[in-house]
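Beneath this line is the structure, given in structure tokens, with notes to follow.
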């Protein structure tokens, strides 16, 4: 096993990767979606909660339904992307802890604590969404994350069969068209947002 | 530039990486901490908010202070790790948007919306924390994320000079000792937490 990533690899997943608004006409296959999740699920979540719930919209019908839940600026992005994943979470993720975290009775830490569960589900599903973007890039795909949408409407439309799931944000996945991106926004100097003590 | 990561590289950042509870006696240098952040800041955040605020505790004094803010099970982990980073966020991140996102007046989207800012800061700083773990692994380090600590006490102790910052979770960084990890917890099958539609 290698000890560090090469410069090329760091370029691919961090330094040269960009958020895309438009896409080449090339599908994302179900096999690729599975490959992404096989990496996502290996990323750490607190007590292996794995609270993220993912709906991958790849059909025209699914993208049409989703496009009706997003802000005007995101409608075309949703309709034209090869795939758009709804990143949600399960407010009752703790029900799975007996098998996801068999070392100890982690389920009991969360019983009766709906606020604590919500915070933990929100934080840890966001981590999983970040793993998802890094994993997609690592597999040669590009991402276009979006938070301009109606969470409640999306939750009702896509998680109707799972009343404890909540939609949190969206991410388009495909082969990005370089002509559709903005200039790279400025990045902060270390000392502005970091301290070493 | 490479198009995909090698299997070795995927092992390093996802498949073989583990969360550590104990560490080899080898320091994390300030240079390495800068290298991590140089990657973290390239990761996408909504409207380039960059809400994450990071305090890297590397001195014995800083780790001692932090150890007094964590749950009993995490005291030794904090004291013995080469570095522990407090991952926080800025509730007023929008004040920086005029220079972080110069394309448009994104600051106005968040003015007067404290709840919306909190949600966005929380979600996007969590993404940045995930980038931090992947970046550390990519640079040959290991991580030990922790959420068992007193957020309010840590905020008061470490962000006293920044009344709008909040501590959210902790991550030890160093060279992990393989003898200190548990067996890998089970990972879910794709169909359990995903749907393709």
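A few notes on this one:
- Residue match in segment A:60-82 (condition: in contact (Cβ under 8 Å) with a residue 24 or more places away in the chain and closer than 30 Å to residue B:184 by Cα): no
- Within segment A:32-58, tally of residues that are more than 7 Å from chain B (Cβ to nearest Cβ) and closer than 24 Å to residue A:79 by Cβ: 2
- Qualifying residues in segment A:110-129 (those that are touching a residue at least 12 places away in the same chain (Cβ under 8 Å), in a helix (DSSP H, G or I) and surrounded by fewer than 18 Cβ atoms within 10 Å (Cβ to Cβ)) - the one nearest to the other protein chains (Cβ to nearest Cβ): A:118
- Test: residue in segment B:45-55 that is more than 18 Å from the chain's Cα centre (by Cα) and farther than 30 Å from residue A:16 by Cα: no
- Condition broken by residue B:162, with the remaining ones in (1) more than 7 Å from every other protein chain (Cβ to nearest Cβ); (2) closer than 30 Å to residue A:7 by Cβ; (3) in contact with a strand residue (DSSP E or B) (Cβ under 8 Å, 6 or more places away or on another chain) satisfied: (2)
- Only a single criterion out of (1) more than 22 Å from residue B:131 (Cβ to Cβ); (2) more than 11 Å from every other protein chain (Cβ to nearest Cβ); (3) in a loop (DSSP other than H, G, I, E, B) is not satisfied by residue A:64, namely (3).
- Here the condition is being in contact with a helix residue (DSSP H, G or I) (Cβ under 8 Å, 6 or more places away or on another chain) and at pLDDT below 95; of A:144, A:148, A:129, it holds for A:148 alone.
- Test: residue in segment B:33-50 that is under 17 Å from residue B:141 (Cα atoms), without any contact (Cβ under 8 Å) to a residue 40 or more places away in the chain and surrounded by fewer than 21 Cβ atoms within 10 Å (Cβ to Cβ): yes
- If you go through segment B:85-109 and pick out every residue that is surrounded by fewer than 19 Cβ atoms within 10 Å (Cβ to Cβ), in contact (Cβ under 8 Å) with a residue 40 or more places away in the chain and in a helix (DSSP H, G or I), you end up with 1.
- In this entry, residue B:151 passes the filter for residues that are within 11 Å of chain A (Cβ to nearest Cβ) and either surrounded by fewer than 21 Cβ atoms within 10 Å (Cβ to Cβ) or free of Cβ contacts under 8 Å to residues at least 60 places away in the same chain (or both).
- Whichever residue in segment A:1-31 is over 23 Å from residue B:8 (Cβ atoms), within 19 Å of the chain's Cα centre (by Cα) and part of a loop (DSSP other than H, G, I, E, B) and, among such residues, is nearest to the other protein chains (Cβ to nearest Cβ): A:18
The values are calculated or read from the model by the stated rules, or taken from the named source; none is laboratory data. Worth saying up front: this structure is predicted, and the values here are computed from it rather than measured. Because the Cβ atoms are built from the backbone with ideal geometry, glycine has one as well, and the counts that use them run over all protein chains shown.
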